[in-house]
Amino acid sequence: MKVSGVKYLIEQGVDNVWKNRMMAFASFCVLLVSLLLVGLSVLLYYNVNSIIGGIEEKNEVIVYLDDDTDETQIAEIGETLKGMANIAEVSFYSKEEAFLSLKDSMAEYEVLFESLGDDNPLVDAYRLRVEDIGEIDATIVQIEKLDHIYSIRAPYDFVNILIQLRTILTWVMG
């Protein structure tokens, strides 16, 4: 195409836009609003997904051990937990640490703690962070099969809400 042909097309385009400036402005506005809506929905999707991912990283399962569990059994349970597939991090939380933490967080009830004397009503525990919260049920079933497990506290309701929210967002935004 020659330079004169390109010049003619540009002149005609500018002339027609000027003659139909109201329609050109309307189409510009429609295009702008459409791009803004698409951009905002993509940003919302990525932000919510990032927030959910951050919350997933902070999930915690607490495994309480029987009170009569000795040190070697505690160590064996810890090694078994570290070897499980869906567990990312394992940390031991002794009943002494838990009692001191409880005392610090409830300083206004010092009289109550003094009445206990040297008796510590708490039990040893392991704090676990799971890799995939979607597989938390299977992981809990594996942990329940271990010996010397008193109870397990896991955020089932919270996990189910997160999974449902992620599914809905993926469906709506996808």
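The values are calculated or read from the model by the stated rules, or taken from the named source; none is laboratory data. All values derive from a computational prediction rather than experimental measurement. Counting neighbours? That spans all protein chains shown, and the Cβs are built from the backbone with ideal geometry, glycine included. Protein only, heavy atoms only, side chains kept; ligands, DNA and RNA dropped before computing areas. Shrake-Rupley method; radii C 1.70, N 1.55, O 1.52, S 1.80 Å.
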Q: Taking Ala125 as the residue in question, decide whether it is farther than 26 Å from Thr167 by Cα and open to solvent by less than 40 Å² (accessible area, probe 1.4 Å).
A: yes
(Q) If the requirement is being of a type in the set (Gly, Ala, Ser), assigned to a helix (DSSP H, G or I) and at pLDDT 90 or above, which of these qualifies: Gly13, Gly5, Gly39? (A) Gly39
Q. Within region 132-152, how many residues turn out to be of a type in the set (D, E, K, R) and loosely packed, with under 12 Cβ neighbours inside 10 Å?
A. 3
(Q) With the requirement that a residue be of a type in the set (Ser, Thr, Tyr), in a helix (DSSP H, G or I) and under 26 Å from the mean Cα position of the chain (by Cα), what does region 51-103 give you? (A) Thr80, Ser101
Q: Return the total of residues in region 154-173 being open to solvent by 70 Å² or more (accessible area, probe 1.4 Å), touching a residue at least 60 places away in the same chain (Cβ under 8 Å) and over 14 Å from Val61 (Cβ atoms).
A: 2
Q.
I'm trying to understand the selection: among the residues of region 43-60, which are open to solvent by less than 70 Å² (accessible area, probe 1.4 Å) and out of contact with any Pro (no Cβ under 8 Å at 6 or more places or on another chain)?
A. Tyr45, Val48, Asn49, Ile52, Gly53, Gly54, Ile55, Glu56
Q: Please enumerate the residues belonging to region 75-86 that are open to solvent by less than 30 Å² (accessible area, probe 1.4 Å) and modelled with pLDDT of 85 or more.
A: Ile77, Gly78, Leu81, Met84
Q) Consider Tyr64 against the criteria (1) exposed (fewer than 10 other Cβ atoms within 10 Å of the Cβ); (2) aromatic (Phe, Trp, Tyr); (3) in contact with a Lys or Arg (Cβ under 9 Å, 6 or more places away or on another chain): it satisfies all of them except one. Which criterion is unmet? A) (1)
Q) So, in region 94-136, of the ones that are farther than 22 Å from Thr69 by Cβ and among the β-branched types (Val, Ile, Thr), which residue ends up modelled with the highest pLDDT? A) Val130
Q | Subset of region 1-45 (residues that are in contact (Cβ under 8 Å) with a residue 24 or more places away in the chain and among the aliphatic types (A, V, I, L, M)) | A | Val42, Leu44
